[in-house]
Amino acid sequence: MGGWLPTALQSLQWSWALPWVMFLLLISSQLQVTHSWTSQDERKSDDQKVMENYFPATVEYALHIFNQNSKDMNAYRLVRILNSWKEQAKTMMAFSMELQLRRTRCGKLDDDIDNCPFQESPALNNTFTCFFTISTEPWRTMFQLLNKTCLEGFH
């Protein structure tokens, strides 16, 4: 460190810099720990946000697939979500859901199925309980049916 600075000034420069270096090292290690650490509540909150943001579109896709593959000319719509959960793999996200669907008075090609009244017919068993697993990238509007199992009636 020789050169034009006198020795006293050199030691003053280092004595001033050393506490700052130590402080920055201490802060940076704290920031790294804070950044990489997330609480269980934060993870639960993140999962809840994912469910709130992406799950409704996945349910819509499940209903669309059900109606598209149904031989019935009438549309079915959601009565209630019986159970649901998110599954995460490295490269994909999937939702599994158990849905109760009921036959409507509307045809499956009608525009406003969501507001169509349910069919009230005791002669027909017009309810299905279906389990779907759908892989999704909802931010890209991409869905893929992985599993669909339906049983007629209430279960």
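The values are calculated or read from the model by the stated rules, or taken from the named source; none is laboratory data. Note that the coordinates shown come from a computational prediction; the quantities given were computed from them, not determined experimentally. Cβ atoms come from the backbone with ideal geometry, glycine included; neighbour counts cover every protein chain shown.
Against the test of being surrounded by fewer than 18 Cβ atoms within 10 Å (Cβ to Cβ), over 13 Å from the mean Cα position of the chain (by Cα) and in contact (Cβ under 8 Å) with a residue 40 or more places away in the chain, the options Phe118, Phe131 yield a single qualifying residue, Phe118. Within 19 Å of the chain's Cα centre (by Cα) and modelled with pLDDT under 90, is that true of Thr91? Here the answer is yes, as Thr91 does meet what is asked. In the range 103-119, of all residues being assigned to a strand (DSSP E or B) and hydrophobic (A, V, I, L, M, F, W, C), the one that is farthest from Cys150 (Cα to Cα) corresponds to Cys106.
Would you please name the residue that is surrounded by the most Cβ atoms within 10 Å (Cβ to Cβ), looking only at residues in the range 140-155 that are closer than 18 Å to Tyr61 by Cα and touching a Phe, Trp or Tyr at 6+ places or on another chain (Cβ under 8 Å)? Among them, the one singled out is Phe143.
Residue under question is Gln100, and the condition is that it be modelled with pLDDT of 90 or more, closer than 18 Å to Asn147 by Cβ and either outside any helix (DSSP H, G or I) or touching a strand residue (DSSP E or B) at 6+ places or on another chain (Cβ under 8 Å) (or both); does it hold? Yes: the conditions hold for Gln100.
Checked across the range 107-120, the condition of being among the β-branched types (Val, Ile, Thr), assigned by TED's automatic domain parsing to the domain that holds Tyr61 and modelled with pLDDT of 90 or more holds for no residue.
Taking the conditions (1) out of contact with any Pro (no Cβ under 8 Å at 6 or more places or on another chain); (2) more than 17 Å from Glu152 (Cβ to Cβ) in turn, Gln100 satisfies each one other than (2).
From the list Leu151, Leu82, Leu78, the lone residue that is farther than 17 Å from Met51 by Cα, assigned to a strand (DSSP E or B) and under 22 Å from the mean Cα position of the chain (by Cα) is Leu78.
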